[in-house]
Each structure stands twice: as structure tokens, then as C-alpha cells.
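S.K.: A single structure is presented below for examination.
The values are calculated or read from the model by the stated rules, or taken from the named source; none is laboratory data. Only a predicted model underlies this, so the values are computations on that prediction, with no experimental measurement involved. Every residue, glycine among them, receives a Cβ derived from its backbone with ideal geometry; neighbour counts consider all protein chains shown. Areas reflect the complete protein model, heavy atoms only, side chains present, ligands, DNA and RNA absent. Shrake-Rupley method; radii C 1.70, N 1.55, O 1.52, S 1.80 Å.
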Amino acid sequence: SRVPIAMGTNKGGAFLQVQPDSSVAQTRRPDELVVCDDGSTDETLSILKGFSERAPFPVRADRNETNIGYVRNFEQALSRCVGDIIFLSDQDDIWFNDKIERVLGVFENWPDAMVVLNDQVIADEHLVPSDVTKLANIRRLGLPDFRFITGCCSAHRKDWLSVVLPIPQIGCSHDRWINEIAH
């Protein structure tokens, strides 16, 4: 399987370097990183350029001339990905080293699955992990598991884009739209 990561950025220079480094540390590296930047005015693009020069896979970063909003920005990144299984990533994510490998294993075991979600550990601003995950918090509140919708914890088959794109302008986020349609 060819595996791209679709990332949206916007003024993420303060914490952007960590996510690309965690994608390099994967036991199964991505085949490319596709970034759409929503008009950053900080060092986001120079960080991405520096990363692209040392990355062991292609990095494509495009900057929008005007701010189009995070939903349209992610939609743009998704539509530019070439691959079988597309992973979504926020600019401040840190992935466990086996994330891609484990998620691909789920897709292999369930060939009819279009979307796979993984849980996330909650950390503070210094990246100190807590003993709590987002799904555990949802369950603790007594909410059903389907309320766990986080784009940065999802991967989907490229074919799924023909169902979910374009994302309607109805006031919902890209991750909510992509994942709720899968239920």
C-alpha cells in the first residue's frame, strides 16, 4: 500500500517540528507528506522546507495565498494525496512509532473497512503524557464510542474521498464529516 499523510498547517511554527520527526520515526514510514498551509506568516514554511530537505520521503508543501479555513485547507491536502491509505495529521501531533504499521494491519484484517480510528493519549503543552486517553474520557462521560471523532486519529482508504469530498459547507469540521459518514 502507498501511504501518504495529509496535513493542514496554519501558524504552527512553535510546535510543527515534532510531527514530521514522528513520521520519520515510524516502523512503516509514509510514502509522502502532503501539506497545505493556510497562509502562515510565521516560520511554518521554512520549517517544512528544512524538513523536506532531510526527509526520507517526498514532502509537498503548498501555501494558500489567502486563508481559506481549516476545513477547506484539509480538503485540499486530502485531494492532493496519491496513495491507498491516507492518514490525517494536525501540525502538532506526535505519533507512536508503530501507528502507521498498526493501522495498516487493521485495514489488512478488515478489507471492507473504509475508515480506521485510533485512540490518543492526552499530553500537556510540554508533551508530558497523562494516563488518560480521549476515548477513555468520552466513555467516562457516559457518551457512546461513536462520539470519538478526531481527524488526527483517523486513516481512510483513498476510495472514501469519492464519498466525502467535497466537504459540505454546513458548519461541521472535516474530521466530523469524514468519520460520521462512515458510521
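S.K.: Test each condition in (1) within 17 Å of the chain's Cα centre (by Cα); (2) surrounded by fewer than 22 Cβ atoms within 10 Å (Cβ to Cβ); (3) more than 23 Å from residue 156 (Cα to Cα) for residue 26 and report the one that comes out false.
M.R.: Among (1) within 17 Å of the chain's Cα centre (by Cα); (2) surrounded by fewer than 22 Cβ atoms within 10 Å (Cβ to Cβ); (3) more than 23 Å from residue 156 (Cα to Cα), residue 26 violates only (3).
S.K.: Only one of these is among the acidic types (Asp, Glu) and buried (at least 18 other Cβ atoms within 10 Å of the Cβ): 101, 108, 75. Name it. Even if it seems obvious, please write down each step before you answer.
M.R.: On the way: 101 fails: buried (at least 18 other Cβ atoms within 10 Å of the Cβ); 108 fails: buried (at least 18 other Cβ atoms within 10 Å of the Cβ).
Residue meeting the stated conditions: 75.
S.K.: Here is a follow-up. Would you be able to tell me the number of residues in the range 70-82 that are assigned to a helix (DSSP H, G or I), of a type in the set (A, V, I, L, M, F, W, C) and out of contact with any Leu (no Cβ under 8 Å at 6 or more places or on another chain)?
M.R.: Of the residues in the range 70-82, the ones assigned to a helix (DSSP H, G or I) are 70-79.
With of a type in the set (A, V, I, L, M, F, W, C) added as a condition, the list becomes 71, 74, 77-78.
Narrowing the set further to residues that are out of contact with any Leu (no Cβ under 8 Å at 6 or more places or on another chain) leaves 71, 77.
Matching residues across the range 70-82 total 2.
S.K.: Now for a separate question. Restricting to the range 40-54, give me the number of residues that are out of contact with any Leu (no Cβ under 7 Å at 6 or more places or on another chain), touching a residue at least 12 places away in the same chain (Cβ under 8 Å), surrounded by 13 or more Cβ atoms within 10 Å (Cβ to Cβ) and not polar (S, T, N, Q).
M.R.: Summing the residues that are out of contact with any Leu (no Cβ under 7 Å at 6 or more places or on another chain), touching a residue at least 12 places away in the same chain (Cβ under 8 Å), surrounded by 13 or more Cβ atoms within 10 Å (Cβ to Cβ) and not polar (S, T, N, Q) in the range 40-54 gives 5.
S.K.: Here's a check for you: in the range 144-163, which residue that is more than 21 Å from residue 33 (Cα to Cα) and open to solvent by less than 60 Å² (accessible area, probe 1.4 Å) is modelled with the highest pLDDT? Show your work before the answer.
M.R.: First pass over the range 144-163, keeping only residues more than 21 Å from residue 33 (Cα to Cα): 144-149, 163.
Applying the additional criterion that residues be open to solvent by less than 60 Å² (accessible area, probe 1.4 Å) yields 144, 148-149.
On the way: 144: 76, 148: 66, 149: 72.
Among residues in the range 144-163 that are more than 21 Å from residue 33 (Cα to Cα) and open to solvent by less than 60 Å² (accessible area, probe 1.4 Å), the one modelled with the highest pLDDT is 144.
S.K.: Select from the range 83-92 the residues that are surrounded by fewer than 21 Cβ atoms within 10 Å (Cβ to Cβ) and either in a strand (DSSP E or B) or within 13 Å of the chain's Cα centre (by Cα) (or both) and list them in ascending order. Even if it seems obvious, please write down each step before you answer.
M.R.: Let us first name the residues in the range 83-92 that are surrounded by fewer than 21 Cβ atoms within 10 Å (Cβ to Cβ), namely 83-84, 90, 92.
Passing the criteria: 90, 92.
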